[in-house]
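K.L.:
Dumping the structure here so I can ask a few things about it.
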Amino acid sequence: MRWATKLLHNGHEMDLTTGALSVPIYQVSSFHQFSPSREQEYDYSRSGNPTRKALEETMAGLEGGSHGFAFASGMAAISSVLCLFSQGDHIIAGEDIYGGTYRVLTRLFPRFGLEVSFVDTTDLEKVSGAFRPNTRAVYLETPSNPLMRITDLRAVVELARAHEALVIVDNTVMTPYFQRPLELGADIVIHSATKYLAGHSDVVAGVVVVRDNGLAKELGFIQNAFGAVAGPWDSWLVLRGLKTLKVRMEQHQAGAMAVASWLATRPEVEEVYYPGLPSFPGHQLHFSQASGASGLLSFRLVTAEIAERVLARAALPFRAVSLGSVESLISIPARMSHAAMSEEHRRRLGIDGRLLRYSVGLEDPEDIIADLANALGDG
Ligand SMILES: *Cc1c(COP(=O)(O)O)cnc(C)c1O
């Protein structure tokens, strides 16, 4: 069976008791124990829920892992993964990771003695030099967001293996349709399912997938103990979104490619950040580890005034911090998604007032381009 067929045939396409062609929503907290002595699969929904389990097994299959875990949000998934570590452990994290991840790594987990170094993971020498005797993991996103910098996943896996450290990849922007880090040797894949997996701006959820049974056991313990689980209704919404993942991702990508190519021709645009452009640094490396470029791009205008004008005048996209939904979204990362980063850290990365991020939705690309042309002042 080819990969995309598994979106629709994955063991959860049909309810075995009724034949229903949609996973039932088990909106329940507690399960009756049919026998006082016999163990049952389900007893309480924090520990396990059939709708959530359907999502967890489906995602494990799609990422090429053995176990999936669904959480109440992407941040709940990330924080639960970080609970794998203990006081005195050290983590190497990509310097341009998601703002919320940066926030828990700088302001929450250090309270419990977790040490973090932020490095440019696209520079393997810097990664190599950041290992300490107590380094337990490398945490990264590729492409990073908003600047779409590409990290060599296979090379980082090799470095981490040599230091007996885990590789954790936030795969939110790519989805398993375009990139499957576990197949390249990573140990843990994380998703904000809020974005492309669910895809319709109607749910906040997170997913973790691993392939090692020992790691799965630890994460299962944390999921139940820490308790940041996805609810049944939210799990169902993600399952529903996954059925159309292939067609949505293909269209998001086609739209982003058209918009990025057009932006690259504009004199008001200094630089376009989209791995699908053959001229983009990292294009080749990206396509050696992924099969597509997804639907997210950023672009730097020649002045902050023009950036503000585009942000104010673009009429088709909604101004919103999220990404990966059916409707186009535009944002200014410095003030929105990456506001949690210190200004100095942002400046070092090049996230400034001239940079806009565009999550290309499923609208006709010609309309998106016409709207941007108008916002730039052609109208
Ligand atoms: C949105 C996002 C998160 C956080 O997910 P939530 O569902 O908002 O908690 C983490 N990583 C990336 C790359 C994201 O885009």
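The values are calculated or read from the model by the stated rules, or taken from the named source; none is laboratory data. Being a predicted model, the structure only gives us computed values, none of them experimental. Using ideal geometry, Cβ is built from the backbone for each residue, glycine included, and neighbour counts are taken over all protein chains shown. Note: accessible area is taken over every heavy atom of the protein model, side chains too, but ligands, DNA and RNA are not part of it. Shrake-Rupley method; radii C 1.70, N 1.55, O 1.52, S 1.80 Å.
K.L.:
Can you pull out every residue in the stretch 179-226 that is among the small types (Gly, Ala, Ser), outside any strand (DSSP E or B), within 16 Å of the ligand (Cβ to nearest atom) and touching a helix residue (DSSP H, G or I) at 6+ places or on another chain (Cβ under 9 Å)?
P.N.:
Ala186, Ala193, Ala198, Gly199, Ala205
K.L.:
Can you tell me which residues in the stretch 104-115 are closer than 23 Å to Phe221 by Cβ, over 19 Å from the mean Cα position of the chain (by Cα) and within 16 Å of the ligand (Cβ to nearest atom)?
P.N.:
Hits for the stretch 104-115 are Leu108, Phe109.
K.L.:
Are any of the residues in the stretch 83-103 more than 10 Å from the ligand (Cβ to nearest atom), part of a helix (DSSP H, G or I) and modelled with pLDDT of 95 or more?
P.N.:
Scanning the stretch 83-103 turns up no residue that is more than 10 Å from the ligand (Cβ to nearest atom), part of a helix (DSSP H, G or I) and modelled with pLDDT of 95 or more.
K.L.:
So, one more: Hey, can you tell me all the residues within the stretch 236-257 that are closer than 19 Å to Lys53 by Cα, open to solvent by 50 Å² or more (accessible area, probe 1.4 Å) and assigned to a helix (DSSP H, G or I)?
P.N.:
Arg240, the sole residue that qualifies.
Residues are listed down the side, and each one gets a yes or a no for (1) touching a helix residue (DSSP H, G or I) at 6+ places or on another chain (Cβ under 9 Å); (2) small (Gly, Ala, Ser); (3) on the phi > 0 side of the Ramachandran plot:
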site	(1), (2), (3)
Lys246	yes, no, no
His252	no, no, no
Val269	yes, no, no
Tyr273	yes, no, no
Gly276	yes, yes, no
Phe280	yes, no, no
Ala293	yes, yes, no
Ser298	no, yes, no
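K.L.:
Looking at Ala307, Ala334, Ala314, can you tell me which residue is modelled with pLDDT of 95 or more, crowded, with 18+ Cβ neighbours inside 10 Å, closer than 30 Å to Thr106 by Cα and in contact with a strand residue (DSSP E or B) (Cβ under 9 Å, 6 or more places away or on another chain)?
P.N.:
Numbers: Ala334 fails: modelled with pLDDT of 95 or more; Ala314 fails: closer than 30 Å to Thr106 by Cα.
Selected residue: Ala307, the only one of Ala307, Ala334, Ala314 that is modelled with pLDDT of 95 or more, crowded, with 18+ Cβ neighbours inside 10 Å, closer than 30 Å to Thr106 by Cα and in contact with a strand residue (DSSP E or B) (Cβ under 9 Å, 6 or more places away or on another chain).
K.L.:
Looking at Val127, Val116, which is the one that is farther than 23 Å from Ser192 by Cα and in contact with a Leu (Cβ under 8 Å, 6 or more places away or on another chain)?
P.N.:
It is Val127.
K.L.:
Please state which one of Ala162, Ala137, Ala155, Ala130 is open to solvent by less than 10 Å² (accessible area, probe 1.4 Å), at pLDDT 95 or above and small (Gly, Ala, Ser).
P.N.:
Ala137
K.L.:
Separate question: Quick one: would you say Val173 is closer than 22 Å to Ala4 by Cβ, in contact (Cβ under 8 Å) with a residue 60 or more places away in the chain and within 14 Å of the ligand (Cβ to nearest atom)?
P.N.:
Details: closer than 22 Å to Ala4 by Cβ: yes; in contact (Cβ under 8 Å) with a residue 60 or more places away in the chain: yes; within 14 Å of the ligand (Cβ to nearest atom): yes.
Taking the combined requirement at face value, the residue satisfies it.
K.L.:
What number of residues within the stretch 208-218 satisfy the criterion of being closer than 16 Å to Leu182 by Cβ and either of a type in the set (Phe, Trp, Tyr) or in contact with a Leu (Cβ under 7 Å, 6 or more places away or on another chain) (or both)?
P.N.:
Here the count works out to 4.
K.L.:
For the stretch 217-239, check the following and say yes or no: at least one residue is touching a Phe, Trp or Tyr at 6+ places or on another chain (Cβ under 8 Å), closer than 25 Å to Tyr273 by Cβ and touching a residue at least 60 places away in the same chain (Cβ under 8 Å).
P.N.:
First pass over the stretch 217-239, keeping only residues touching a Phe, Trp or Tyr at 6+ places or on another chain (Cβ under 8 Å): 219-220, 223, 228-230, 232.
Narrowing the set further to residues that are closer than 25 Å to Tyr273 by Cβ leaves none.
No, that holds for no residue.
K.L.:
From the list Ala162, Ala60, Ala70, pick out the single residue that is within 16 Å of the ligand (Cβ to nearest atom) and among the small types (Gly, Ala, Ser).
P.N.:
Sole residue among the options that is within 16 Å of the ligand (Cβ to nearest atom) and among the small types (Gly, Ala, Ser): Ala70.
K.L.:
Sort out which residues of the stretch 109-126 are crowded, with 22+ Cβ neighbours inside 10 Å and either farther than 30 Å from Val272 by Cβ or in contact with a strand residue (DSSP E or B) (Cβ under 6 Å, 6 or more places away or on another chain) (or both), and write them in order of number.
P.N.:
Thr121
K.L.:
Counting only residues that are touching a residue at least 60 places away in the same chain (Cβ under 8 Å) and closer than 10 Å to Leu316 by Cβ, how many does the stretch 340-368 have?
P.N.:
Adding up the residues that qualify gives 3.
K.L.:
When you scan the stretch 354-377, do you find a residue that is within 17 Å of the chain's Cα centre (by Cα), under 20 Å from Tyr102 (Cβ atoms) and at pLDDT 95 or above, even just one?
P.N.:
There is at least one residue in the stretch 354-377 that is within 17 Å of the chain's Cα centre (by Cα), under 20 Å from Tyr102 (Cβ atoms) and at pLDDT 95 or above.
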